[in-house]
Amino acid sequence: MHTKEEKLEAFGRLLDVLDTLRVECPWDRKQTNESLRPNTIEETFELCDALIKDDKKNICKELGDVLLHVCFYSLIGSETGDFDIADVCNMEADKLIFRHPHVYGQVKADTAAQVCENWEQLKLKEKDGNKRVLSGVPDALPSLIKAYRVQDKARNVGFDWEDKGDVWQKVREELGELEAELRKGDKEKSTEELGDFLFSVINAARLYHLNPDNALEHTNQKFIRRFNYIEDHSIKSGKNLTDMTLDEMDKLWNEAKSTERNIEK
């Protein structure tokens with residue numbers, strides 16, 4: 001691993017390269033906060049993809065891409081005289097110190113749960129901070145992640161189940177209400193109840209310290225692998241997927257599952 005001096009030198013090198021590109025590259029020269037935003041979103045998702053796959057090489061690469069965007073927005077901020085990368089770093093360092101009084105102050109926090117509770121209380125006290133408990137949750141967050149975050153933030157101020165096992169009664173209740181509306185054929189009400197059911201399942205995952213977004217993505221990838229196995233077989237046999245019976249596809253699906261189990265062993 002690199003020394004602190006080497007890390008600072010590498011960070012400075014990145015800033016120097018970006019300064020040069022901003023002046024000499026036609027594409028970099030024309031970028032604005034607005035034009036960079038879609039690329040930032042894409043780079044963030046690419047990092048998330050590498051993280052879920054535990055692809056160390058690509059994690060390093062995608063972290064670099066995200067870091068580039070942080071530096072680029074800071075460079076644009078310096079051009080308008082609003083802030084630069086030093087302001088970004090110092091503001092974040094000040095915030096971290098303020099929100100960790102159990103490290104930099106006299107507050108006692110022996111568990112991660114206590115740290116989170118203190119964190120939310122401190123955020124409400126910050127100058128120009130979030131005025132409401134849930135106001136810090138970005139509107140643009142994907143719905144599944146947003147549900148987890150609002151539940152977790154509510155928990156940090158004491159709004160939560162006393163016994164996590166009680167959540168399953170709520171899950172069953174919401175499922176029953178969804179099934180009832182589906183039988184009635186009311187699409188609007190069914191959609192509302194589906195949302196309530198999904199919210200309750202996410203809440204259950206949170207209570208049992210499971211990440212529902214990671215869990216769902218692992219299942220997405222598992223489905224893709226197994227479906228690709230079916231499609232590969234159909235290509236080899238010269239048969240279109242649409243010409244295969246459901247029984248044939250189910251058989252191949254089970255073969256794919258068995259192959260995965262054997263690999264895991």
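The values are calculated or read from the model by the stated rules, or taken from the named source; none is laboratory data. As the structure is a computational prediction, the values presented were derived from the model and not from experiment. Please note: Cβ atoms are built from the backbone with ideal geometry, for glycine as well, and neighbour counts cover all protein chains shown. We work out accessible area using only protein heavy atoms, side chains counted, and drop any ligands, DNA or RNA first. Shrake-Rupley method; radii C 1.70, N 1.55, O 1.52, S 1.80 Å.
Under 11 Å from a label point 7 Å along Cα→Cβ of L198: give me every residue in the stretch 145-178 with its amide N that close. Output list for this probe position: 145-147.
The modelled label-to-label distance for the pair T242/R22, using points 7 Å beyond Cα in the direction of Cβ, is 5.4 nm.
Length gained on full extension, M91 to W161, computed as 0.36 nm times the residue gap minus the Cα-Cα distance: 21.7 nm.
Give the shape of the stretch 127-265 as rounded, prolate or oblate, defined through the alpha-carbon gyration tensor: a ≥ b ≥ c are the square roots of its eigenvalues, a/c under 1.5 means rounded, and otherwise the shape is prolate if a/b is larger than b/c and oblate if not. Prolate shape, in that a/c is at least 1.5 and a/b is the bigger ratio.
Measuring with a 1.4 angstrom probe and ignoring ligands and nucleic acids, T191 comes out at about 90 Å² accessible. Tell me which of C89, W161, M1 sits at the most positive position along the dipole axis of the chain, charges placed on C-beta atoms (Lys, Arg +1; Asp, Glu -1). The listed residue farthest towards the positive side: W161. The angle between the Cα long axis of helix 212-236 and the main principal axis of the chain comes to about 50°, on a 0 to 90 degree scale.
Counting only alpha carbon atoms, the long axis of helix 112-125 and the longest principal axis of the chain meet at about 60°. Applying 1/(1 + (r/R0)^6) with r as the Cβ-Cβ distance of N33 and L216 and R0 = 41 angstrom yields a FRET efficiency of 0.85. Remark: the chain carries 72 Å² of accessible area per residue (probe radius 1.4 Å; ligands, DNA and RNA excluded).
For the chain, with only Lys/Arg (+1) and Asp/Glu (-1) charged at the beta-carbon, what is the dipole magnitude about the Cα centre, in debye rounded to 20?
Working: 40 positive and 54 negative charges, 89 e Å.
The calculation lands at about 420 debye.
Carbon-plus-sulfur fraction of the accessible area of the stretch 181-265, 1.4 Å probe, in percent? Could you put the intermediate results ahead of the total?
On the way: 3410 of 6350 Å².
On the stretch 181-265, the fraction of accessible area on carbon and sulfur atoms equals 54 percent.
The residues F83, F11, F223, sorted by heavy-atom accessible surface at 1.4 Å with ligands and nucleic acids left out, run F223, F83, F11 from largest to smallest. When the C-alpha to C-alpha distance is required to be over 21 Å, the pairs from K30/K95; K95/K153; K53/K257; K164/K187 that qualify are K30/K95; K164/K187.
Take every Cα pair under 8 Å in the chain that's 6+ residues apart, average their separations, divide by the length, and report that relative contact order as a whole percent. Intermediate values should be presented prior to the final figure.
On the way: 145 pairs, mean separation 25.4, N = 265.
Averaging sequence separation for qualifying contacts and normalising by length gives 10 percent for the chain.
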